[in-house]
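Peer 1: Questions regarding the structure given below will be posed in turn.
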Amino acid sequence: TLFRSMAWLRRQPVPQRKHGNPERTYANKVGHVAIFLKAIGKPRLLTKNEYPQYEEKMVTAHTDEELEHLYSRADAEQRFLLDFALGTGFRDGEISHTEYTDLVGNILKVQRKPHLNWHPKKHHCREVPIPQALVDAIRSRGVSGLIFTNEKGKPNQHLLRDVQALAKDSGFHTELHKLRKTWATRLALAGTALHKLQKWLGHKSLETTQKYLADIDLMKGQTDKIVEAATFAPRGIKVAEAWAATPRVDVPKSKSAVQ
(Lines give C-alpha, C1' and ligand atoms only; values in the text may rest on other atoms or scores of the structure.)
Protein backbone atom coordinates (compact mmCIF):
# COMPACT_ATOMS: atom_id res chain seq x y z
CA THR A 1 0.00 0.00 0.00
CA LEU A 2 2.75 2.43 0.93
CA PHE A 3 4.73 1.73 -2.24
CA ARG A 4 1.59 2.26 -4.35
CA SER A 5 1.03 5.56 -2.56
CA MET A 6 4.61 6.61 -3.26
CA ALA A 7 4.23 5.74 -6.95
CA TRP A 8 0.99 7.75 -7.13
CA LEU A 9 2.63 10.77 -5.49
CA ARG A 10 5.48 10.64 -8.00
CA ARG A 11 2.97 10.86 -10.86
CA GLN A 12 1.38 14.05 -9.55
CA PRO A 13 2.27 17.45 -11.10
CA VAL A 14 5.08 19.22 -9.30
CA PRO A 15 3.97 22.58 -7.82
CA GLN A 16 5.76 25.43 -9.58
CA ARG A 17 7.02 27.31 -6.57
CA LYS A 18 10.03 29.54 -7.12
CA HIS A 19 11.58 28.80 -3.72
CA GLY A 20 10.01 25.39 -3.15
CA ASN A 21 11.73 22.04 -2.62
CA PRO A 22 9.67 19.36 -4.46
CA GLU A 23 11.77 16.48 -3.15
CA ARG A 24 11.22 17.56 0.43
CA THR A 25 7.49 17.96 -0.23
CA TYR A 26 7.40 14.42 -1.62
CA ALA A 27 9.32 13.08 1.39
CA ASN A 28 6.94 14.85 3.79
CA LYS A 29 3.88 13.37 2.08
CA VAL A 30 5.36 9.87 2.21
CA GLY A 31 6.07 10.45 5.90
CA HIS A 32 2.45 11.47 6.51
CA VAL A 33 1.20 8.28 4.85
CA ALA A 34 3.64 6.23 6.94
CA ILE A 35 2.39 7.92 10.13
CA PHE A 36 -1.22 7.14 9.16
CA LEU A 37 -0.42 3.48 8.49
CA LYS A 38 1.44 3.24 11.80
CA ALA A 39 -1.63 4.64 13.58
CA ILE A 40 -3.79 1.82 12.17
CA GLY A 41 -1.32 -0.89 13.14
CA LYS A 42 1.01 -1.05 10.14
CA PRO A 43 4.36 0.29 11.44
CA ARG A 44 7.85 0.14 9.95
CA LEU A 45 6.83 -0.63 6.38
CA LEU A 46 9.92 1.17 5.08
CA THR A 47 13.50 0.89 6.19
CA LYS A 48 15.47 4.07 6.81
CA ASN A 49 17.17 3.76 3.41
CA GLU A 50 13.84 3.32 1.62
CA TYR A 51 12.45 6.68 2.72
CA PRO A 52 12.77 9.42 0.07
CA GLN A 53 16.00 11.39 0.32
CA TYR A 54 16.34 15.08 -0.42
CA GLU A 55 18.91 17.82 -0.12
CA GLU A 56 18.03 20.35 2.56
CA LYS A 57 17.65 23.87 1.19
CA MET A 58 20.25 26.18 2.72
CA VAL A 59 18.67 29.26 4.25
CA THR A 60 20.92 32.31 4.57
CA ALA A 61 20.49 35.30 6.85
CA HIS A 62 19.39 38.70 5.62
CA THR A 63 22.01 41.38 5.17
CA ASP A 64 21.57 44.72 6.94
CA GLU A 65 20.75 46.28 3.56
CA GLU A 66 17.96 43.77 2.96
CA LEU A 67 16.51 44.39 6.41
CA GLU A 68 16.58 48.14 5.80
CA HIS A 69 14.67 47.56 2.57
CA LEU A 70 12.00 45.44 4.30
CA TYR A 71 11.49 48.00 7.05
CA SER A 72 11.33 50.87 4.55
CA ARG A 73 8.32 49.24 2.86
CA ALA A 74 6.52 48.11 6.02
CA ASP A 75 3.49 49.74 7.61
CA ALA A 76 3.04 49.76 11.40
CA GLU A 77 1.64 46.20 11.58
CA GLN A 78 4.25 44.78 9.24
CA ARG A 79 6.99 46.54 11.15
CA PHE A 80 5.77 44.95 14.38
CA LEU A 81 5.76 41.55 12.66
CA LEU A 82 9.37 42.10 11.54
CA ASP A 83 10.34 43.20 15.05
CA PHE A 84 8.65 40.12 16.50
CA ALA A 85 10.26 37.64 14.09
CA LEU A 86 13.72 39.22 14.41
CA GLY A 87 13.39 39.47 18.19
CA THR A 88 12.20 35.92 18.94
CA GLY A 89 13.40 33.56 16.20
CA PHE A 90 10.01 31.83 16.35
CA ARG A 91 8.75 29.49 13.63
CA ASP A 92 5.66 30.34 11.57
CA GLY A 93 3.21 28.38 13.74
CA GLU A 94 4.83 29.59 16.95
CA ILE A 95 4.31 33.22 15.92
CA SER A 96 0.68 32.76 14.88
CA HIS A 97 -0.16 30.96 18.14
CA THR A 98 1.65 33.30 20.54
CA GLU A 99 -0.57 34.88 23.18
CA TYR A 100 0.01 37.95 25.34
CA THR A 101 0.05 35.74 28.44
CA ASP A 102 3.10 33.90 27.05
CA LEU A 103 5.18 36.96 27.94
CA VAL A 104 6.58 36.87 31.48
CA GLY A 105 9.08 39.62 32.24
CA ASN A 106 11.35 39.66 29.22
CA ILE A 107 10.82 35.94 28.54
CA LEU A 108 8.48 34.75 25.80
CA LYS A 109 7.32 31.16 26.11
CA VAL A 110 6.53 28.58 23.45
CA GLN A 111 4.11 26.15 25.05
CA ARG A 112 1.27 23.80 24.22
CA LYS A 113 -2.11 25.40 23.49
CA PRO A 114 -4.85 22.76 23.91
CA HIS A 115 -7.52 25.48 23.77
CA LEU A 116 -6.23 26.40 20.29
CA ASN A 117 -5.75 22.76 19.28
CA TRP A 118 -2.05 23.46 18.77
CA HIS A 119 0.71 21.25 20.15
CA PRO A 120 4.38 21.97 19.30
CA LYS A 121 6.88 19.14 19.63
CA LYS A 122 8.15 18.58 23.15
CA HIS A 123 11.64 19.99 22.48
CA HIS A 124 10.11 23.01 20.70
CA CYS A 125 8.56 24.17 23.97
CA ARG A 126 10.98 26.68 25.43
CA GLU A 127 11.59 30.12 26.96
CA VAL A 128 13.28 32.80 24.85
CA PRO A 129 14.64 36.12 26.17
CA ILE A 130 13.59 39.03 23.95
CA PRO A 131 14.70 42.68 23.63
CA GLN A 132 13.14 45.24 25.97
CA ALA A 133 11.85 47.27 23.02
CA LEU A 134 9.85 44.26 21.83
CA VAL A 135 8.59 43.61 25.36
CA ASP A 136 7.28 47.18 25.51
CA ALA A 137 5.70 46.91 22.05
CA ILE A 138 3.86 43.70 22.96
CA ARG A 139 2.57 45.09 26.25
CA SER A 140 1.33 48.24 24.53
CA ARG A 141 -0.90 46.15 22.24
CA GLY A 142 -2.84 44.03 24.73
CA VAL A 143 -2.86 41.71 27.73
CA SER A 144 -4.86 38.65 26.65
CA GLY A 145 -5.66 36.63 23.56
CA LEU A 146 -3.58 36.03 20.44
CA ILE A 147 -1.01 38.61 19.34
CA PHE A 148 -1.50 37.92 15.62
CA THR A 149 -5.11 37.24 14.60
CA ASN A 150 -7.16 37.12 11.42
CA GLU A 151 -10.49 38.90 10.91
CA LYS A 152 -12.27 36.19 12.93
CA GLY A 153 -9.93 36.41 15.90
CA LYS A 154 -8.27 33.09 15.03
CA PRO A 155 -4.51 32.51 14.57
CA ASN A 156 -3.30 34.43 11.52
CA GLN A 157 -2.07 31.82 9.04
CA HIS A 158 -1.03 34.39 6.41
CA LEU A 159 1.97 35.95 8.14
CA LEU A 160 4.34 34.44 5.57
CA ARG A 161 2.41 36.14 2.77
CA ASP A 162 2.53 39.45 4.64
CA VAL A 163 6.32 39.26 4.99
CA GLN A 164 6.94 38.14 1.42
CA ALA A 165 4.95 41.10 0.10
CA LEU A 166 7.63 43.41 1.51
CA ALA A 167 10.29 41.86 -0.72
CA LYS A 168 8.27 41.95 -3.94
CA ASP A 169 10.38 43.16 -6.90
CA SER A 170 13.32 43.70 -4.54
CA GLY A 171 15.70 41.20 -6.08
CA PHE A 172 15.91 39.07 -2.93
CA HIS A 173 13.68 36.54 -1.20
CA THR A 174 12.35 36.63 2.34
CA GLU A 175 10.27 34.36 4.54
CA LEU A 176 9.69 33.86 8.24
CA HIS A 177 12.28 31.06 8.31
CA LYS A 178 14.85 33.46 6.85
CA LEU A 179 14.05 35.99 9.58
CA ARG A 180 14.51 33.20 12.14
CA LYS A 181 17.89 32.36 10.60
CA THR A 182 18.81 36.06 10.70
CA TRP A 183 17.93 36.23 14.41
CA ALA A 184 20.09 33.16 15.19
CA THR A 185 22.99 34.38 13.02
CA ARG A 186 23.12 37.81 14.62
CA LEU A 187 23.07 36.30 18.11
CA ALA A 188 25.82 33.83 17.19
CA LEU A 189 28.03 36.56 15.73
CA ALA A 190 27.43 38.62 18.89
CA GLY A 191 29.03 35.79 20.88
CA THR A 192 26.02 33.83 22.19
CA ALA A 193 27.05 30.32 23.24
CA LEU A 194 25.80 27.58 20.92
CA HIS A 195 24.20 25.57 23.74
CA LYS A 196 22.06 28.61 24.59
CA LEU A 197 21.10 29.11 20.96
CA GLN A 198 20.15 25.43 20.80
CA LYS A 199 17.62 25.92 23.60
CA TRP A 200 16.30 29.22 22.23
CA LEU A 201 15.91 27.78 18.73
CA GLY A 202 14.14 24.69 20.04
CA HIS A 203 16.62 22.26 18.50
CA LYS A 204 16.69 18.74 19.90
CA SER A 205 20.47 18.44 19.60
CA LEU A 206 23.50 20.72 19.49
CA GLU A 207 24.49 19.06 16.21
CA THR A 208 21.34 20.47 14.59
CA THR A 209 22.27 23.98 15.76
CA GLN A 210 25.82 23.57 14.43
CA LYS A 211 24.46 22.55 11.02
CA TYR A 212 21.98 25.42 11.10
CA LEU A 213 24.81 27.92 11.55
CA ALA A 214 27.39 26.10 9.42
CA ASP A 215 27.35 28.77 6.71
CA ILE A 216 28.69 31.56 8.93
CA ASP A 217 32.15 32.20 10.36
CA LEU A 218 31.55 32.49 14.10
CA MET A 219 35.15 33.63 14.58
CA LYS A 220 34.96 36.45 12.02
CA GLY A 221 36.42 39.60 13.54
CA GLN A 222 36.56 38.01 17.00
CA THR A 223 39.73 35.90 16.97
CA ASP A 224 42.02 38.53 18.50
CA LYS A 225 39.45 39.46 21.14
CA ILE A 226 38.90 35.83 22.12
CA VAL A 227 42.62 35.04 22.30
CA GLU A 228 43.30 38.11 24.46
CA ALA A 229 40.34 37.39 26.76
CA ALA A 230 41.52 33.81 27.28
CA THR A 231 45.08 34.81 28.22
CA PHE A 232 45.88 34.57 31.93
CA ALA A 233 47.63 37.55 33.47
CA PRO A 234 48.66 37.82 37.16
CA ARG A 235 47.02 40.69 39.01
CA GLY A 236 48.91 43.97 38.93
CA ILE A 237 51.45 42.95 36.31
CA LYS A 238 51.31 42.43 32.57
CA VAL A 239 52.46 39.18 31.04
CA ALA A 240 55.08 40.87 28.83
CA GLU A 241 56.52 42.73 31.84
CA ALA A 242 56.65 39.49 33.81
CA TRP A 243 58.72 37.81 31.10
CA ALA A 244 61.03 40.82 30.80
CA ALA A 245 61.64 40.84 34.56
CA THR A 246 62.49 37.15 34.71
CA PRO A 247 66.29 36.63 35.13
CA ARG A 248 67.83 34.81 32.21
CA VAL A 249 69.76 31.67 33.06
CA ASP A 250 72.47 30.58 30.69
CA VAL A 251 72.27 26.88 30.08
CA PRO A 252 75.76 25.33 29.73
CA LYS A 253 76.37 23.66 26.42
CA SER A 254 76.81 19.94 26.39
CA LYS A 255 80.13 18.40 25.48
CA SER A 256 78.70 17.12 22.25
CA ALA A 257 77.59 20.61 21.32
CA VAL A 258 81.08 21.98 22.10
CA GLN A 259 82.73 19.32 19.97
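The values are calculated or read from the model by the stated rules, or taken from the named source; none is laboratory data. These numbers were taken from a predicted model, which means no experiment stands behind them. Here the Cβ positions follow ideal geometry from the backbone for every residue, glycine too, while neighbour counts run over all protein chains shown. What goes into the accessible areas is simple: the full protein's heavy atoms, side chains included, and nothing from ligands, DNA or RNA. Shrake-Rupley method; radii C 1.70, N 1.55, O 1.52, S 1.80 Å.
Peer 1: Sort segment 91-154 into rounded, prolate or oblate with this rule: let a ≥ b ≥ c be the square roots of the eigenvalues of the Cα gyration tensor; rounded if a/c is under 1.5, and if a/c is not under 1.5, prolate when a/b is larger than b/c, oblate otherwise.
Peer 2: Cα axes put segment 91-154 in the oblate bin.
Peer 1: Once phi is turned into θ = phi - 60°, what whole-Hz ³J(HN,Hα) does the Karplus curve with 6.51, -1.76 and 1.60 give for every residue of segment 104-121, x standing for Gly and Pro?
Peer 2: 10, x, 10, 10, 10, 9, 9, 9, 5, 10, x, 5, 9, 6, 10, 9, x, 4
Peer 1: Suppose every K and R has +1 on its Cβ and every D and E has -1 on its Cβ; what is the size of the dipole of segment 50-146 about the Cα centre, in Debye to the nearest 20?
Peer 2: Using only the charged Cβ atoms, the result is roughly 600 debye.
Peer 1: Lys/Arg Cβ at +1, Asp/Glu Cβ at -1, dipole of segment 141-223 taken about the Cα centre: which of SER205, GLN164, THR182 is farthest positive-ward?
Peer 2: SER205
Peer 1: Please name which of LEU82, THR25, GLY142 has its Cα lying farthest along the dipole of segment 1-147 towards the positive end, using unit charges on Cβ (Lys, Arg +1; Asp, Glu -1) and the Cα centre as origin.
Peer 2: Farthest along the dipole direction, towards plus: THR25.
Peer 1: Now for a separate question. Zone of THR101 (label point 7 Å along Cα→Cβ, backbone N under 13 Å): which residues in segment 139-183?
Peer 2: 143-147
Peer 1: Short version: ³J(HN,Hα) in whole Hz for each residue of segment 67-74, in order, from phi by Karplus 6.51 cos²θ - 1.76 cosθ + 1.60 (θ = phi - 60°), x for Gly and Pro, what are they?
Peer 2: Coupling constants for segment 67-74: 5, 4, 5, 4, 5, 5, 9, 8 Hz.
Peer 1: If only Cα atoms are counted, what is the Rg of segment 119-179, and what is its Dmax, in Å?
Peer 2: Rg then Dmax for segment 119-179, in Å: 14.7, 39.
Peer 1: Where does each of VAL104, VAL135, VAL143 land when they are ordered by accessible area, with a 1.4 Å probe and the largest first?
Peer 2: VAL143, VAL104, VAL135
Peer 1: Give, rounded to the nearest 20 debye, the magnitude of the charge dipole that segment 38-107 has about its Cα centre when Lys and Arg contribute +1 at Cβ and Asp and Glu contribute -1 at Cβ.
Peer 2: That gives a dipole near 760 debye.
Peer 1: Please list, ordered by chain and number, the residues whose modelled amide H lies under 5 Å from the amide H of TRP118; skip anything fewer than 5 residues away on the same chain.
Peer 2: The answer is LYS113.
Peer 1: Report the accessible area of LYS29, computed with a 1.4 Å probe over the heavy atoms of all protein chains in place, in Å² rounded to the nearest 10.
Peer 2: LYS29 has an accessible surface of roughly 100 Å² with all protein chains in place.
Peer 1: Continuing with this model, one more query. Would segment 144-207 count as rounded, prolate or oblate if I go by the C-alpha gyration tensor, calling it rounded below 1.5 in a/c and otherwise prolate when a/b exceeds b/c, oblate otherwise?
Peer 2: Since a/c reaches 1.5 but b/c is at least a/b, the shape of segment 144-207 is classed as oblate.
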